[in-house]
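See structure below.
The values are calculated or read from the model by the stated rules, or taken from the named source; none is laboratory data. Computed from a predicted model, the values in this text were never measured in an experiment. Note that each Cβ is placed from the backbone with ideal geometry, even for glycine, and that neighbours are counted across all protein chains shown. Surface areas here come from the heavy atoms of the whole protein model, side chains and all, with no ligands, DNA or RNA. Shrake-Rupley method; radii C 1.70, N 1.55, O 1.52, S 1.80 Å.
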Amino acid sequence: MPSLISPAERDYILKGIECNIRADGRQRPDYREVILETGVISQTSGSARVRLAGGTDVLVSVKADIGPVLVDPETGEGADKGQIICNVECAPSASQQFEGRGADELNNELTQMMTRFLSHNTTSLTSTPSNTTPSSTTSSHNSNGAGGINLSKLCIIPGEQCWILYVDALVLDYGGNLVDAVFMGTRAAIFDTRIPKTEVQDLGDGNFDFEVLDDAEDTEIVEGREDMPICVTLNKIGARHIVDASPLEELCTEAKLVVAVNRSGELCGLQKGHDGGIEPSLLLEMIQFGKTLGQTLIKQLDAKIKAEADADMVKRQNGQPVVKLGFFAQ
């Protein structure tokens, strides 16, 4: 990724966006083609790879493991809920931006954003300097919380044991619009995730034990996955805003707004980045556009996921092997 941009390049991009003609031929609201593949890592509970045509490449894996429940010592909340632990890592080979200290800051910011948008079940508001983790708002509109996933279904024995979903995202290549690709990959990986069933036994005197069934075909999906949000990043350049920005367009960005939205069009979170301001009228316009586009992207993404799952099922029924290209494919 280039770290500097010349005045001539900046002027070219600004004038092009003003005229609704971006440098790569797209218009302001146009999104690049999303290439999706699920089940690319056999050792995980679920995985997905998402690529933006000619740009960002993200690999996401989900591993389900059993661990102790996390109980708030003050309120006692969390005794009947599982956990989601997120981690994002940008490979240094993907971009010069991901080398050294800058990579650690970006990894932490993306990890915190995923954790906030996916696992918080209550309305929260935090504000930090825009140079580190930008201000954010997370709001809850459904019974499963802003993240959609039903954490209660991940609990095995209340107060003792639960399923923990470890969500790890690895950025393999960078071509702009990183946040959107990470969240689309996470949604696809969660859809691909299967959790073994458990049987709980009452031993009496308030003691319980459980057994994990080892039948690979007898598994459960992650409940609430349909309500998981994805993010739409809008970049304010000049007096206009665009989506799915390229690296050069991101260098021209004055302010960035990340809108997290679910399939119902409910606003699940907001995060503002960069030092530039956004006028109130433009802010409302960007939020509404992000919500509308987010719903469209979710429908397209879910259609891709369903088509791939149906194709795999047909192959299995016909006795044909299901071959995945894997994350080494180009």
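Does any residue of region 53-66 turn out to be farther than 30 Å from Phe289 by Cβ, of a type outside the set (A, V, I, L, M, F, W, C) and either outside any strand (DSSP E or B) or touching a Lys or Arg at 6+ places or on another chain (Cβ under 9 Å) (or both)? There is no residue in region 53-66 that is farther than 30 Å from Phe289 by Cβ, of a type outside the set (A, V, I, L, M, F, W, C) and either outside any strand (DSSP E or B) or touching a Lys or Arg at 6+ places or on another chain (Cβ under 9 Å) (or both). For region 196-207, state whether one or more residues are within 17 Å of the chain's Cα centre (by Cα) and of a type in the set (A, V, I, L, M, F, W, C). The answer is no; no qualifying residue exists.
For region 1-24, a tally of residues being under 13 Å from Glu249 (Cβ atoms) and either assigned to a loop (DSSP other than H, G, I, E, B) or in contact with a Leu (Cβ under 7 Å, 6 or more places away or on another chain) (or both) returns 9. Among the candidates Leu234, Leu282, single out the residue that is open to solvent by less than 30 Å² (accessible area, probe 1.4 Å), more than 25 Å from Leu118 (Cβ to Cβ) and either touching a residue at least 40 places away in the same chain (Cβ under 8 Å) or part of a loop (DSSP other than H, G, I, E, B) (or both). None of the others qualify; the one that does is Leu282. Looking only at residues of region 68-97 that are assigned to a loop (DSSP other than H, G, I, E, B) and at pLDDT below 85, we find that the one that is nearest to Leu154 (Cα to Cα) is Gly78. Which residue, of His274, His241, is in contact with a Leu (Cβ under 7 Å, 6 or more places away or on another chain) and not β-branched (Val, Ile, Thr)? So the residue among His274, His241 that is in contact with a Leu (Cβ under 7 Å, 6 or more places away or on another chain) and not β-branched (Val, Ile, Thr) is His241.
For beta carbons closer than 9 Å, sequence separation of 6+ or different chains, a first residue in region 251-270 that is open to solvent by 10 Å² or more (accessible area, probe 1.4 Å) and in a strand (DSSP E or B) and a second that is of a type in the set (S, T, N, Q) and modelled with pLDDT under 95, the qualifying pairs are Lys256/Gln271; Leu267/Thr137; Leu267/Ser139; Leu270/Ser135; Leu270/Ser136; Leu270/Thr137; Leu270/Thr138; Leu270/Ser139. If I ask for residues that are free of Cβ contacts under 8 Å to residues at least 40 places away in the same chain and either of a type in the set (Phe, Trp, Tyr) or closer than 20 Å to Thr186 by Cα (or both), which ones from region 1-43 would you list? If the condition is that a residue be free of Cβ contacts under 8 Å to residues at least 40 places away in the same chain and either of a type in the set (Phe, Trp, Tyr) or closer than 20 Å to Thr186 by Cα (or both), then Tyr12, Glu33, Ile35, Ser42, Gln43 are the ones that fit.
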